[in-house]
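Novice: This is the structure I have questions about; it appears just below.
The values are calculated or read from the model by the stated rules, or taken from the named source; none is laboratory data. Everything quoted here is computed from the prediction, not taken from an experiment. Virtual Cβ from ideal backbone geometry, glycine too; neighbours counted across all protein chains shown. Surface areas here come from the heavy atoms of the whole protein model, side chains and all, with no ligands, DNA or RNA. Shrake-Rupley method; radii C 1.70, N 1.55, O 1.52, S 1.80 Å.
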Amino acid sequence: MALLEVNNLTLRFGGLIAVNDVSFTVEDGSITGMIGQNGAGKTTIFNLLTHVYQPNSGTVILDGEIMKGKKPHQAVARGLTRTFQNIRLFRNMPVIDNVKVGFIYQGKYSVPAGVFRLPSYWREEKSIHEKAMELLQVFDLDPYADYYAGNLPYGQQRQLEICRALATNPRVLLLDEPAAGMNPSETEALMERIDAVRERFSIAILLIEHDMKLVMGICDKIVVLNYGCVIAEGIPENIKKNKEVIDAYLGCEV
């Protein structure tokens, strides 16, 4: 069943067509990869899905609801959450507080309770702290809960950003080049984490990635972009043998 449907999405910047009549689906509980050359339109599509940009035409449908005219924070509240190519953590805040930020839509106490630190405020804060620690444990980051996020090694910062995204309780998690800058062992560990996250949280994942070992190793389906257009969509076995994909991006069979 398609949890996320993208239908005929088009975005123009003046005379440049950045995304041209793009359509694809992300099934519930699946991991879908999106690949293509730099400038193919991958991150632009993420910006459209999360309403950083508004399309010139086309629709995005999340769990049966047309996501039109929404703001980025409304997309998050609806269950569409992303990470970024460049890490965007609160570097001078503790690791645990970076994760707590993601629970912004789950707080249940009132403004007066927060201002005057009433019992309902402390109960909710305790619950959020426990949930944040549970998420950190998934990524083995709980020993570093009180470290400043900017002091973590690069690979752990990447994982912390995913952890924070999960705190928003997403239906679809968008990962923009999660393995960028990682060494082979870190990438291998990330593959296992992503697969475990999909299973544990019962979410769909759409990821942009240039590491073909990662993409071919964990994705159920792959969407291939070239100059803003979808040139192929299918299972990894078929994508790596697709002549048009080989010519446009892979260069050889993977």
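Novice: Could you give the length gained on full extension between residue 244 and residue 216, defined as 0.36 nm per residue of separation minus the Cα-Cα distance, in nm? If you can, show how the numbers build up before the last one.
Specialist: Working: separation 28, 0.36 × 28 = 10.08 nm, distance 1.71 nm.
Extending this stretch completely gives an extra 8.4 nm.
Novice: Also, I was wondering about something else. With a Förster radius of 25 Å, plug the Cβ-Cβ distance of residue 74 and residue 12 into 1/(1 + (r/R0)^6) and report the FRET value to the nearest 0.05.
Specialist: Working: r = 24 Å, r/R0 = 0.95.
Efficiency, from the Cβ-Cβ distance: 0.60.
Novice: Averaged per residue, what accessible surface does segment 48-158 expose to a 1.4 Å probe, in Å²?
Specialist: Working: 6390 Å² over 111 residues.
Normalised by residue count, the accessible surface of segment 48-158 is 58 Å².
Novice: Could you give each residue of segment 93-102 its phi-based ³J(HN,Hα) in whole Hz, using Karplus coefficients 6.51, -1.76, 1.60 with θ = phi - 60°, and x for Gly or Pro?
Specialist: 10, x, 3, 4, 6, 4, 6, 4, 4, x
Novice: Another question, then. Kindly sort 192, 161, 124, 244 by accessible area of their heavy atoms, largest first, with the probe set to 1.4 Å. Kindly include the intermediate steps, with their values, before the conclusion.
Specialist: Numbers: 192 120, 161 5, 124 30, 244 100 Å².
So, going from the largest accessible area down, we get 192, 244, 124, 161.
Novice: With an 8 Å cut-off on Cα pairs and a minimum separation of 6 or more residues, tell me the relative contact order of the chain in percent. The partial results should precede the final answer.
Specialist: Numbers: 462 pairs, mean separation 69.5, N = 254.
Relative contact order comes out at 27 percent.
Novice: A follow-up question, please. If Lys and Arg each add +1 and Asp and Glu each add -1, what is the summed charge of the other residues whose beta carbon sits under 11 Å from the beta carbon of residue 145? It would help to have the intermediate numbers written out before the result.
Specialist: Values: positive: 100; negative: 97, 142, 146.
With Lys, Arg at +1 and Asp, Glu at -1, the neighbours total -2.
Novice: Just to be sure I understand the model, the point goes 7 Å from the Cα along the line to the Cβ. What's the resulting residue 91 to residue 200 distance in nm?
Specialist: 2.8 nm
Novice: Whole number in Å², please: accessible area per residue of segment 180-254, 1.4 Å probe, ligands, DNA and RNA not counted. The partial results should precede the final answer.
Specialist: Numbers: 3640 Å² over 75 residues.
Roughly 49 Å² per residue, with all protein chains present.
Novice: On to the next question. Quantify, in whole percent, the carbon and sulfur part of the accessible surface of the chain (1.4 Å probe; protein heavy atoms only).
Specialist: Details: 6170 of 12200 Å².
Whole-percent figure for carbon plus sulfur exposure: 51.
Novice: Quick one: 3J(HN,Hα) in Hz for segment 103-110, Karplus 6.51/-1.76/1.60 with θ = phi - 60°, rounded, Gly and Pro as x.
Specialist: 8, 4, 8, 10, x, 10, 7, 7
Novice: What ³J(HN,Hα) values, in whole Hz, does the Karplus curve 6.51 cos²θ - 1.76 cosθ + 1.60 give for segment 184-198 when θ = phi - 60°, with x put for Gly and Pro?
Specialist: For segment 184-198, the Karplus curve yields x, 5, 5, 5, 4, 5, 5, 3, 5, 5, 4, 5, 5, 4, 4 Hz.
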